[in-house]
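The values are calculated or read from the model by the stated rules, or taken from the named source; none is laboratory data. Small disclaimer: the values here were computed from a predicted structure and weren't measured. All Cβ positions, even for glycine, are placed from backbone atoms using ideal geometry, and neighbour counts span all protein chains on display. All accessible areas refer to the heavy atoms of the entire protein, side chains included, with ligands and DNA or RNA removed. Shrake-Rupley method; radii C 1.70, N 1.55, O 1.52, S 1.80 Å.
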Amino acid sequence: MQSALSTHNERAGQTFDLTIHQNPDPAWQERAIFAGGCFWCLVKPFETRPGIKAVISGYTGGITTKPTYEQVSSQKTGHVEAVEIIYDKRLVSYQNLLELYWQLIDPTDATGQINDRGNNYRPVIFVRNQRQRQEAETSKLALINSQKFSKPIVVPIETATKFWPAENYHQQFYRKHPQRYHLIAQTRQNYLRVLKFSGKIKQLFNKK
């Protein structure tokens with residue numbers, strides 16, 4: 001039986017079951033919400049790690065109920081594209097997820113990510129409780145102190161609000177369109193390599 005929250009799109013040819021998003025979390029399960037540009041690029045790196053139960057593409061941080069992709073793209077709803085990561089905290093920690101998140105984004109860009117421009121693509125860590133906030137702040141401070149980047153770290157840490165799953169054709173994009181995903185992911189990875197290299201150069205000059 002399909003969940004009431006399953007989304008369907010005839011172009012995708014399948015239904016993505018969102019039952020796990022709807023159901024309450026057992027004691028060993030927790031959720032993390034990260035925004036960092038197009039949500040297509042954030043799903044695979046998290047979903048393929050041990051302990052991850054599901055990674056759902058969606059929208060959060062805005063004012064509109066049940067926003068559509070077109071509405072969010074208009075930048076009038078206040079939402080950003082984000083992923084909800086549902087994980088087994090016995091196998092993976094929130095700290096582990098934060099460490100991976102920093103590797104996947106440009107934390108010096110507050111107005112988008114690489115080729116994804118606009119407020120709907122801004123990077124944000126959305127925290128669901130005080131413990132997550134403390135861990136996120138500690139992780140961010142560690143990144144700042146590492147001086148790995150030549151520009152300031154500008155990713156905000158905000159209180160999580162309602163997370164709305166995106167349309168079916170956005171879910172697990174990397175599985176449905178592997179070639180297109182590979183091109184997008186490769187462009188992103190190349191950009192981040194150059195960014196981190198620039199940070200290393202700055203570190204060398206600072207030591208002189």
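Only one of these conditions is not met by A82: (1) within 22 Å of I184 (Cβ to Cβ); (2) at pLDDT 95 or above; (3) surrounded by fewer than 21 Cβ atoms within 10 Å (Cβ to Cβ). Which number is it?
(3)
Within region 51-79, track down each residue that is open to solvent by 10 Å² or more (accessible area, probe 1.4 Å), within 25 Å of Q130 (Cα to Cα) and assigned to a loop (DSSP other than H, G, I, E, B).
Residues satisfying the conditions are G51, G61, G62, I63, G78.
Write out, first by first residue and then by second, each pair whose Cβ atoms fall under 6 Å of each other, whose residues are 6+ apart or on separate chains, and whose first residue, in region 134-154, is assigned to a loop (DSSP other than H, G, I, E, B) while the second is of a type in the set (A, V, I, L, M, F, W, C) and surrounded by 12 or more Cβ atoms within 10 Å (Cβ to Cβ).
I153/L143; I153/I144; V154/A110
Residue pairs, Cβ under 7 Å, 6 or more apart or interchain, first in region 164-191 and of a type in the set (A, V, I, L, M, F, W, C), second open to solvent by 20 Å² or more (accessible area, probe 1.4 Å) and assigned to a helix (DSSP H, G or I). List them.
A166/Y69; F173/W40; F173/Y181; I184/W40
How many of the residues making up region 36-92 are basic (K, R) and in contact (Cβ under 8 Å) with a residue 60 or more places away in the chain? Please lay out each step first, then the result.
Step one: filter region 36-92 for residues basic (K, R), giving 44, 49, 53, 66, 76, 89-90.
Those still in the list that are in contact (Cβ under 8 Å) with a residue 60 or more places away in the chain too: 44, 66, 89-90.
Total meeting the criteria: 4.
Among what's in region 108-152 and is buried (at least 18 other Cβ atoms within 10 Å of the Cβ) and β-branched (V, I, T), pick the residue that is farthest from the chain's Cα centre (by Cα).
I114
Does region 1-22 include one or more residues that are open to solvent by 10 Å² or more (accessible area, probe 1.4 Å), modelled with pLDDT of 95 or more and either touching a Phe, Trp or Tyr at 6+ places or on another chain (Cβ under 8 Å) or among the charged types (D, E, K, R) (or both)?
no
Evaluate region 188-196: report whether one residue or more is closer than 25 Å to I86 by Cα and part of a helix (DSSP H, G or I). Step through it out loud before you land on a result.
Just the residues of region 188-196 that are closer than 25 Å to I86 by Cα, to begin with: 188-189.
From what's left, part of a helix (DSSP H, G or I): 188-189.
Taking every residue of region 188-196 in turn, at least one turns out to be closer than 25 Å to I86 by Cα and part of a helix (DSSP H, G or I).
In region 23-35, how many residues are touching a residue at least 12 places away in the same chain (Cβ under 8 Å) and either open to solvent by less than 20 Å² (accessible area, probe 1.4 Å) or polar (S, T, N, Q) (or both)?
Residues meeting the conditions: 6.
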